[in-house]
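The values are calculated or read from the model by the stated rules, or taken from the named source; none is laboratory data. What you see is a predicted model; the values in this text were computed from it and never measured. Every residue, glycine as well, gets a Cβ built from its backbone with ideal geometry; the counts of neighbours run over all protein chains shown. When the accessible area is computed, the model is the full protein with side chains, heavy atoms only, and any ligands, DNA or RNA have been set aside. Shrake-Rupley method; radii C 1.70, N 1.55, O 1.52, S 1.80 Å.
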Amino acid sequence: MAETQAWKLLLPRQLRHLPADLAGVVGVVVLTNLAALLPVVSDTPVRIIAGLVFVLFIPGYAFIAALFPEAGSGPSADDETVSNPEADGIDGIERTALSFGLSIALVPLVGLVLNFTPWGIRLLPILVSLSGLTLVLTAVAAVRRWALPADERFRVPYRAWLSAGREELFSPASRTDAALNVLLVLSILLATASVGYAVTVPKDGERFSEFYLLTEGEDGERVADGYPTEFQRGEGRSLIVGIGNQEHERTEYTVIVELQRVERVGNETQVRERSELQRFQPTLGHNKTWQRQHEVEPEMTGERLRLQYLLYRGSPPETVAQSTAYREVHLWVNVTG
């Protein structure tokens, strides 16, 4: 006990006396950031579970805690339909329901504001914004709660809940109550396991890989527009090739860049001459994106040459062609000497 008290003395006074529910809010914020950003943890179900709790409940709870620092009362003992008229706060059920509703309202608003900023709607800006908002609201809630007399502050009666639950489970009044308690525990475990399985092991859905070309504009933004079509032999022009892995597994790719002289024969396009320019071999986890900016320096000259990018999963076959590739994109270019 003395060691615990000595450890608490290392913290600022405000943190040592932070109410248990607000300390839990801070803990969930820290856990969610670690689960989302740490390389080892970010690919585990912990990220999904912590993220759902954080997004659906925590910001709204911090907001409600800041608005209503005082304790509320439920129905009075004399009349179960009349609440205490002197209580300015809200009870636990109302606090919980409003927390879910306000979280669902606050999170899209934060995303809307981020959409009009240079950072955009991405993981890191969303984490920083929601975490900062929640911590500010938690600080306001703590200050407002400390300003009230001790007997008027809202508290989560978790000790009373644990004591009542322990007595109900392990000291039932009758065999019927004991059987109902066992059934209740089994039902909660089954429901928790079902929800956990549905969240952490979702259906794979369609498996595919995105394959695309981009260019870099004058403002530095990468866009699918303004592709170069006029080349000088031996002079490089910049292009960006990208892959998005939606295969639901870690995948090795091979990208082959070729410049081809083609000829239309009937309904078929036949390659008369080909020159391999570059080759890339990235490896991506599921839901990851890879982009590579590179210089295209053609040595073959001619009009309406095909600059083709071929994507293979794994190693390419001996015969490299559009018919053997997993994905393909190309540009028609002119190369002068």
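May I ask you to compute the full-extension gain from residue 97 to residue 192, defined as 0.36 nm times their residue separation minus their alpha-carbon distance, rounded to one decimal in nm?
Numbers: separation 95, 0.36 × 95 = 34.20 nm, distance 1.99 nm.
Length gained, residue 97 through residue 192: 32.2 nm.
Kindly work out what percent of the DSSP beta bridges joining two residues of the chain are antiparallel, to the nearest 5. It would help to have the intermediate numbers written out before the result.
Numbers: 48 of 51 bridges.
Taking every DSSP beta bridge with both residues in the chain, the antiparallel ones total about 95 percent.
Over its Cα atoms, what ratio of radius of gyration to 2.2 N^0.38 Å does the chain give?
Details: Rg = 30.5 Å, N = 337, 2.2 N^0.38 = 20.1 Å.
This ratio for the chain stands at 1.52.
What do you get for the angle between helix 175-200 and the principal long axis of the chain? Use alpha-carbon atoms, 0 to 90 degrees, nearest ten.
Between the helix axis and the principal axis of the chain, the angle is about 20 degrees.
Let me have the relative contact order for the chain, percent, based on Cα pairs under 8 Å that are six or more residues apart.
13
Name the residue, out of 129, 174, 315, whose mean-square fluctuation peaks in a Gaussian network model built on the chain with Cα pairs under 10 Å.
174
Looking at the chain as a GNM with Cα springs under 10 Å, which of 322, 270, 293 has the largest mean-square fluctuation?
Of 322, 270, 293, the Gaussian network model singles out 270 as fluctuating most.
What accessible area, in Å² to the nearest ten, does a 1.4 Å probe give for residue 26?
Counting only protein heavy atoms, the figure is 40 Å².
Taking only the alpha carbons of region 207-337, what extent do you get along each of the three principal axes, in Å, biggest first?
44, 40, 24
Using the beta-carbon distance between residue 279 and residue 37 and R0 = 30 Å, what value does 1/(1 + (r/R0)^6) give for FRET efficiency, to the nearest 0.05?
Values: r = 33 Å, r/R0 = 1.09.
Step by step, r from the Cβ atoms, then E = 0.35.
Please report, in debye to the nearest 20, how large the charge dipole of region 192-337 is about its Cα centre when each Lys and Arg carries +1 at its beta carbon and each Asp and Glu carries -1 there.
On the way: 17 positive and 24 negative charges, 84 e Å.
The calculation lands at about 400 debye.
Starting from the 7 Å offset along Cα-to-Cβ, what nm value, one decimal, do you get for the label separation of residue 159 and residue 48?
3.8
Compute the accessible area per residue over region 287-337, keeping the other protein chains in place, probe 1.4 Å, unit Å².
On the way: 2880 Å² over 51 residues.
That works out to 57 Å² for each residue.
Output the 0 to 90 degree angle, nearest 10, between the alpha-carbon long axis of helix 20-37 and the longest principal axis computed from the alpha carbons of the chain.
10
Report the FRET efficiency, 1/(1 + (r/R0)^6), for residue 263 and residue 208, where r is their Cβ-Cβ distance and R0 is 30 Å, rounded to 0.05.
Details: r = 32 Å, r/R0 = 1.06.
The formula returns an efficiency of 0.40 here.
Would you look at the GNM of the chain, springs on alpha carbons closer than 10 Å, and say which of 226, 92, 101 moves the most?
In the Gaussian network model the winner is 226.
Compute the FRET efficiency between residue 330 and residue 248 as 1/(1 + (r/R0)^6), taking r as their Cβ-Cβ distance and R0 = 25 Å, and round to the nearest 0.05.
Taking R0 as 25 Å, the efficiency between residue 330 and residue 248 is 0.35.
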